[in-house]
Amino acid sequence: MPYPATRLRRMRRDAFSRALMRETTLLPSDLIMVAFVIEGDNRREPIASMPGIERVSLDQLELLAGACVAAGIPALALFPSPPASVKTEDGREAWNPEGLFQRAARALKAKFPELGLIGDVALDPYTTHGQDGLIDASGYILNDATIEALVKMTLAQADAGFDIVAPSDMMDGRVGAMRAALEKAGHVNTRILAYSAKYASSFYGPFRDAVGSAGHLGKGNKHSYQMDMGNSDEALREVELDLAEGADMVMVKPGLPYLDIVRRVKDRFGAPTFVYQVSGEYAMLKAAAQNGWLDEKAVVLESLTAIKRAGADAILTYYALDAARWLTERS
Ligand code: PBG
């Protein structure tokens, strides 16, 4: 029915009718907090490119985990920031059962069994070259040899109590290898969150500062394994393979610049689809807010709602705790 029978502004006139017709609403239960753990006691290290986010020692991490539970955030994605002294060419510290990451998981699961704990499966925090995999003499990242290392990490993390293992490396075939190893070891309920469509993005810069891989990576890049920004069909092929190999959830990353990919993935597969609002997205919003150029609460909630509207079932975000607080204040 054309105008004037149809006046779309009628429903926008009042808050009550806007609320009734709203299709997408953001909830704390849509959010996953991201945290960086370091060795030591009572330590909090600021990350210059991510104001408001700190690397924290385990005792402080427990406070953060408690805050997530209190805020109704279902899960925490953990990343290690190990000291340079444990980094090696092959990243073997990654599967040390007594390593920082595994100790952190045991402590968190003992204290907060109800909080879903997501472990990152990739070698970059542990390698002297800052790449996610093992390299050959020319610096090329080896696929199949890296998978063997990722399987060891997976088992170490599952043994330590991580509920979800999340390969963020983009090697071919790693999900299948991880799934098979988990089944064989009896970890049949350990879930796999596959970073399926992970782009070679420059929005990861602040994260590399946070885990301390930036200096090691130097002028290196990840274009031989992460996806090219111009591609979209390839993302569907990646997701299809990861689901076939046994992924329980798939992920698109970064978030806001890649929402077209999120929508295609959700429409095509209807699988649990997660989005990572990455460190550079956080840094942009934070910097503009700190300059007084944008209203932080409003633009963060708008960005997260847009990600959910595009098809995300859950969002990994450094803003999870803030957003959960703002959402509760609002209602
Ligand atoms: C590496 C990894 C990266 C992120 C998560 N895992 C960076 C990279 O690929 O270099 C990025 C997260 C963010 O930017 O917030 N395995």
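The values are calculated or read from the model by the stated rules, or taken from the named source; none is laboratory data. The model shown is predicted, which means the values in this text are computed figures rather than measured ones. So basically every Cβ, Gly included, is an ideal-geometry build from the backbone, and we count neighbours across all protein chains shown. Only protein heavy atoms, including side chains, enter the accessible area calculation; ligands, DNA and RNA are left aside. Shrake-Rupley method; radii C 1.70, N 1.55, O 1.52, S 1.80 Å.
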Interchain or long-range residues, amide H under 5 Å from Tyr199's placed H:
Met227, Lys253
Two pseudo-spin positions, 7 Å from Cα along C-beta at Arg106 and at Ala70, lie apart in nanometres by 2.8
Taking a label point 7 Å from the Cα of Met284 along Cα-to-Cβ, the residues of the stretch 295-331 whose backbone nitrogen sits under 15 Å from it are 295, 299-307, 318
Note to self, the chain gives a 222 nm [θ] from helices alone (DSSP H runs n ≥ 4, -39500 (n - 2.57) apiece, / all residues, nearest 500) of -12500 deg cm²/dmol
Just the number, please: carbon plus sulfur as a percent of the accessible area of the chain, 1.4 Å probe, no ligands or DNA/RNA counted.
54
Using the crude model of +1 on Lys and Arg Cβ and -1 on Asp and Glu Cβ, and no other charge, please compute the dipole size for the stretch 25-330 relative to its Cα centre, in debye to 20.
460
Once you've got the GNM for the chain with C-alpha springs shorter than 10 Å, pick whichever of Gly311, Gly230, Gly176 has the biggest mean-square fluctuation.
Gly230
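Expressed as a rounded percentage, what relative contact order does the chain have, with Cα pairs under 8 Å and six or more residues apart?
Working: 625 pairs, mean separation 61.4, N = 331.
Once divided by the residue count of the chain, the mean separation gives 19 percent.
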How far apart, in nm, are the 7 Å Cα→Cβ label points at Val299 and Ala180?
4.8
Most mobile of Tyr319, Tyr258, Tyr140 in a GNM of the chain (Cα contacts under 10 Å):
Tyr140
Karplus-derived 3J(HN,Hα) from phi for the stretch 287-304 (6.51 cos²θ - 1.76 cosθ + 1.60, θ = phi - 60°), whole Hz, x at Gly and Pro, runs 5, 5, 5, 5, 7, x, 8, 10, 7, 4, 4, 5, 6, 5, 5, 5, 4, 5
Cut-off 14 Å, label 7 Å out along Cα→Cβ of Glu98, residues of the stretch 131-174 by amide N
none
Kindly work out what percent of the DSSP beta bridges joining two residues of the chain are antiparallel, to the nearest 5.
10
At 1.4 Å probe size, put Trp326, Trp95, Trp293 in order of accessible surface, largest to smallest.
Trp293, Trp95, Trp326
Report the Cα centroid-to-centroid distance between the stretch 279-303 and the stretch 135-182 in angstrom, as an integer.
34
By the Cα gyration tensor axes a ≥ b ≥ c (a/c under 1.5 gives rounded; else a/b larger than b/c gives prolate, otherwise oblate), the shape of the stretch 153-256 is oblate
Net length gained if the chain between Ala84 and Arg10 were fully extended (0.36 nm per residue, minus Cα distance)
20.5 nm
Rounded accessible area per residue of the stretch 25-330, 1.4 Å, Å²:
40
Length gained if Thr328 through Ala137 is fully extended, taking 0.36 nm per residue and subtracting the Cα-Cα distance, is 63.4 nm
Yeah, the chain with a ≥ b ≥ c from its alpha-carbon gyration tensor (a/c under 1.5 is rounded, else prolate when a/b outruns b/c, oblate otherwise) is prolate
